[in-house]
1. Residue under question is ARG62, and the condition is that it be charged (D, E, K, R), in a helix (DSSP H, G or I), closer than 30 Å to HIS149 by Cβ and out of contact with any Phe, Trp or Tyr (no Cβ under 7 Å at 6 or more places or on another chain); does it hold?
2. Of all residues in region 1-43 being closer than 21 Å to ALA109 by Cα and among the small types (Gly, Ala, Ser), which is surrounded by the most Cβ atoms within 10 Å (Cβ to Cβ)?
3. Report those strands (runs of 3 or more DSSP E) wholly inside region 107-226 carrying at least 2 residues which are over 27 Å from THR21 (Cβ atoms), among the aliphatic types (A, V, I, L, M) and without any contact (Cβ under 8 Å) to a residue 60 or more places away in the chain.
4. Taking region 213-226 on its own, how many of its residues are under 17 Å from the mean Cα position of the chain (by Cα) and closer than 19 Å to VAL154 by Cβ?
5. When region 168-213 is examined, which residues are found to be of a type in the set (Gly, Ala, Ser) and closer than 26 Å to PHE120 by Cβ?
6. Determine whether ALA39 is assigned to a helix (DSSP H, G or I) and among the aliphatic types (A, V, I, L, M).
7. Does region 158-171 hold any residues that are within 18 Å of the chain's Cα centre (by Cα) and either of a type in the set (Val, Ile, Thr) or surrounded by 14 or more Cβ atoms within 10 Å (Cβ to Cβ) (or both), and which are they?
8. Only one of (1) closer than 28 Å to ASP101 by Cβ; (2) in contact with an Asp or Glu (Cβ under 7 Å, 6 or more places away or on another chain); (3) not aromatic (Phe, Trp, Tyr) is not met by ARG142, so which one is it?
Amino acid sequence: MPFRRSLEFPTVLHHLGDIGTSDILDFGCGSGVYTRLLARSGARRVVGLDISEGMIDHARRREETEGLGIEYVTGELPERLRGAFDLVLGVYVLPHAPTYDDLVAMCRAVAAALRPGGRFLTLPMHPDLHPDPEHYARYGFRLSLDERHDAAPVDFGFSIGGQSARFTARYWTATTLEKALREAGFAAPEWRAHLVSDSAEPGPSDDFWAPYLACPHAAILDARKG
């Protein structure tokens, strides 16, 4: 999606910084979009983890073709990978937690994967996302949230290349997200800002991007393991 190429990917890579000496876990990697991006961006070691066997099968087929040196793992984090990573990236993973206990369990699983002082960069639904379902339509997706309370369902739909899909995400308040991270052993997270690539079309200063930057659908949380 142009939105991801021009805004989301550059934002995530910017906040990750120099990853040349980092061992990184892509937590909830799905089909491996970010896993491959991390490997191509020079990470020392990249592992993708997801509970979906279908997603991991797809990612492994891509790895057989591209040979980026990525390891993909299905299901729970194996013992051999506990405490093995400098950084965990979790893009749109926390919104899959249907309850607060599940949210904390996800954060604890991330903490278990990290070395002491390791970072967790994650993109949950933004607590202040725009209430108008059409606000994000120009970027290729629509969101609908009826009530703003913890675990409230967010109807998410997108279209690309003539194909469309819908799924339900979960909304969490800023207070609850920070509480869950602290309960899992992280220091208070930093809330990071989005940015637009210099090569974005339309240009980075164009009004096309202004509505998103003013009210993004995704937050960016950067937390350190205590």
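The values are calculated or read from the model by the stated rules, or taken from the named source; none is laboratory data. Predicted model only: the values in this text are computed from it and were never measured. Neighbour counts run over all protein chains shown; Cβ positions are idealised from the backbone, glycine included.
1. Working: charged (D, E, K, R): yes; in a helix (DSSP H, G or I): yes; closer than 30 Å to HIS149 by Cβ: no; out of contact with any Phe, Trp or Tyr (no Cβ under 7 Å at 6 or more places or on another chain): yes.
So ARG62 fails the test.
2. It comes out as GLY32.
3. Details: elements: 114-123, 141-145, 152-160, 163-171, 221-224.
Those strands (runs of 3 or more DSSP E) span 152-160.
4. 6
5. Filtering region 168-213 for residues of a type in the set (Gly, Ala, Ser) gives 169, 174, 180, 184-185, 187-188, 193, 197, 199-200, 203, 205, 210.
Within region 168-213, ALA169, ALA174, ALA180, ALA184, GLY185, ALA187, ALA188, ALA193, SER197 qualify.
6. Numbers: assigned to a helix (DSSP H, G or I): yes; among the aliphatic types (A, V, I, L, M): yes.
Considered against the rule, which asks whether it is assigned to a helix (DSSP H, G or I) and among the aliphatic types (A, V, I, L, M), ALA39 comes out as yes.
7. Of everything in region 158-171, those that are within 18 Å of the chain's Cα centre (by Cα) and either of a type in the set (Val, Ile, Thr) or surrounded by 14 or more Cβ atoms within 10 Å (Cβ to Cβ) (or both) turn out to be PHE158, THR168, ALA169, ARG170, TYR171.
8. Result: ARG142 fails condition (1) only.
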